[in-house]
Amino acid sequence: MNATEQVAPATRSSGRVIQAAPLESPDEFVRAVAALSGAEPLVADMQGYVGRNDNWRVPTADAGDLFVKRLRGDRRQVQARMSRLLAYQDVIAAHPQREAATPRFHGADREQSLLVFDHLPESRAASDLLAGDEFTVELAHRLGRVLAEIHRLPKIPLDIEEIVEGKALTAFYALSSDDYANCSGGEVEAWAMLQHDRELVRALERLRDMTADAPTAATHCDIRLDQFLLAGDDVHVIDWEEFRYSDPARDVGGFVGEFLHHCAARMFAELDVEAGLSPGAAHDAILAHGERQLEKIQGHIARFWAGYRELAEIDDGLAVRATGYAGWHFFDRLLAGAVHGAKLTAAERGMAGIGRNALTHPERFAPSIGLDRGVI
């Protein structure tokens, strides 16, 4: 639950294509990519994609397009993330998956922090399908099976340093003077809201303790809908830099949290409370509107959960923990957006309240969102 690293999601959809910035060392880049892929990259025709890393579509002279990523950040963090991705590549090389696909991996250059894959032409991110009301319940069911298959991957030795920023360890209780000075106005408001909510902090501590006691599985640990790329009949799961053996509820909650956040965002965007209503009537109108929005995505979550349960091993507390992580997803998104704002909006505060309910009362919240143990 490291909110300090969460940023705007990186997707390869056409809506996030940008002009590739000039390379600082183009000759070194060309040599590294050519050595890994065996193809000569044409840097003049590169395109970029929005994300926390440098992401490029790189045409080649004779081997089609490549997708090249340069990991950015603290050197130790970058090396740990690269080691996690390489460990995942080792696992799937020995144990190919039937439900999930992964773009062909050409290799990594640790010195330049580069990763080289095949580019997936005409692929669409699942997040774009949801935004365009094209995400079907059948797709939700399939992605549940995809995620379950990942969680069934065998375990391999994984000795990678866990590096957690100091802010992530202490920010729920207090910000250091340096952290405070580097926060936007929106971040200050968000952290103050979290720090003064002792019930919420206790719920986060409880979720952490439940996860520590939970069975572990191969997990993505950064699941969002833009990590699922659909190309033809294949579903590709991408961005494995946070791979580890952890509580599978983290991935399930990330998936469900995406749907709940989308539902809440649409609710506040479309909310039109009649002027002159009493506070009680206005509250009832807001609740009714929220229930209508929730009904639109409950079937998707239930079908995802059904697909997941067809292949995964479910422990008794997984649905409750996943609901907690779905609630945390709202705060992850809140803190990511607050970086760019001078203050929190009323909608952001309202959405945080929804996440809070899921975190503080996950046992009660789980069945209402579709994570019912009896759903098949």
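The values are calculated or read from the model by the stated rules, or taken from the named source; none is laboratory data. This structure is a prediction, so every number in the text was calculated from the model and none was measured. Here Cβ is always computed from backbone atoms with ideal geometry, including for glycine, and neighbour counts include all displayed protein chains. Remember, those area values only see protein heavy atoms, side chains included, never the ligands or the DNA or RNA. Shrake-Rupley method; radii C 1.70, N 1.55, O 1.52, S 1.80 Å.
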**Prompt:** Would you say V43 is of a type in the set (A, V, I, L, M), within 18 Å of R110 (Cβ to Cβ), surrounded by 13 or more Cβ atoms within 10 Å (Cβ to Cβ) and in contact with a Phe, Trp or Tyr (Cβ under 7 Å, 6 or more places away or on another chain)?
**Reply:** no
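If you go through region 348-376, how many residues are part of a helix (DSSP H, G or I) and open to solvent by less than 40 Å² (accessible area, probe 1.4 Å)? Reasoning before the result, please.
The first filter runs over region 348-376 and keeps only residues part of a helix (DSSP H, G or I), leaving 348-360, 362-369.
From the residues that got through so far, the ones that are open to solvent by less than 40 Å² (accessible area, probe 1.4 Å) too are 350-353, 355, 358-360, 362, 366, 369.
Qualifying residue count for the region: 11.
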**Fill in**
Within region 188-246, of all residues that are among the basic types (K, R) and not in a helix (DSSP H, G or I), the one surrounded by the most Cβ atoms within 10 Å (Cβ to Cβ) is R224
**Prompt:** Within the group I223, I163, which residue is closer than 30 Å to L139 by Cα and among the aliphatic types (A, V, I, L, M)?
**Reply:** I223
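Go through I163, I150 for me and flag whichever is closer than 28 Å to H236 by Cβ, within 22 Å of the chain's Cα centre (by Cα) and crowded, with 19+ Cβ neighbours inside 10 Å. Step through it out loud before you land on a result.
On the way: I163 fails: crowded, with 19+ Cβ neighbours inside 10 Å.
Of the residues listed, the single one that is closer than 28 Å to H236 by Cβ, within 22 Å of the chain's Cα centre (by Cα) and crowded, with 19+ Cβ neighbours inside 10 Å is I150.
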**Message:** Contact list please: Cβ distance under 6 Å, first residue in region 311-331 and closer than 13 Å to P367 by Cα and touching a residue at least 60 places away in the same chain (Cβ under 8 Å), second residue among the charged types (D, E, K, R) and in a helix (DSSP H, G or I), pairs at least six apart or on different chains.
**Reply:** V320/E363
**Asked** From the set of residues in region 118-135 that are assigned to a strand (DSSP E or B) and open to solvent by 30 Å² or more (accessible area, probe 1.4 Å), which is farthest from R81 (Cα to Cα)?
**Response** R124
**Prompt:** Does region 51-73 contain any residue that is open to solvent by 40 Å² or more (accessible area, probe 1.4 Å) and among the polar types (S, T, N, Q)?
**Reply:** no
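Please find, among G38, G51, the residue that is in contact (Cβ under 8 Å) with a residue 12 or more places away in the chain, farther than 19 Å from W240 by Cβ and small (G, A, S). Quick ask: steps written out before the conclusion?
Numbers: G51 fails: farther than 19 Å from W240 by Cβ.
Only one candidate passes the filter, namely G38.
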**Index of the failed condition, A100 passing every other in (1) modelled with pLDDT under 95; (2) out of contact with any helix residue (DSSP H, G or I) (no Cβ under 7 Å at 6 or more places or on another chain)** = (2)
**Item:** Selection from region 136-157 of residues that are closer than 20 Å to R250 by Cα and part of a helix (DSSP H, G or I)
**Value:** A140, H141, R142, L143, G144, R145, V146, L147, A148, E149, I150, H151
**Prompt:** Quick one: what pairs do we get from region 208-227, first residue at positive phi, second in a helix (DSSP H, G or I), C-beta under 9 Å, 6+ apart or different chains?
**Reply:** C221/R84; C221/R250; C221/D251; C221/G254
**Request:** Being open to solvent by less than 20 Å² (accessible area, probe 1.4 Å), over 15 Å from H220 (Cα atoms) and among the aliphatic types (A, V, I, L, M) is the filter here, so list the residues in region 81-117 that pass it.
**Result:** L114, L115, V116
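Quick check on region 157-180. Is at least one of its residues among the β-branched types (V, I, T), free of Cβ contacts under 8 Å to residues at least 24 places away in the same chain and either under 29 Å from R356 (Cβ atoms) or out of contact with any Gly (no Cβ under 6 Å at 6 or more places or on another chain) (or both)? Can you show your working first?
As a first pass, look at region 157-180 and keep what is among the β-branched types (V, I, T): 160, 163-164, 170.
Then keep just the ones that are free of Cβ contacts under 8 Å to residues at least 24 places away in the same chain; that gives 170.
Narrowing the set further to residues that are either under 29 Å from R356 (Cβ atoms) or out of contact with any Gly (no Cβ under 6 Å at 6 or more places or on another chain) (or both) leaves 170.
Checked region 157-180: at least one residue is among the β-branched types (V, I, T), free of Cβ contacts under 8 Å to residues at least 24 places away in the same chain and either under 29 Å from R356 (Cβ atoms) or out of contact with any Gly (no Cβ under 6 Å at 6 or more places or on another chain) (or both).
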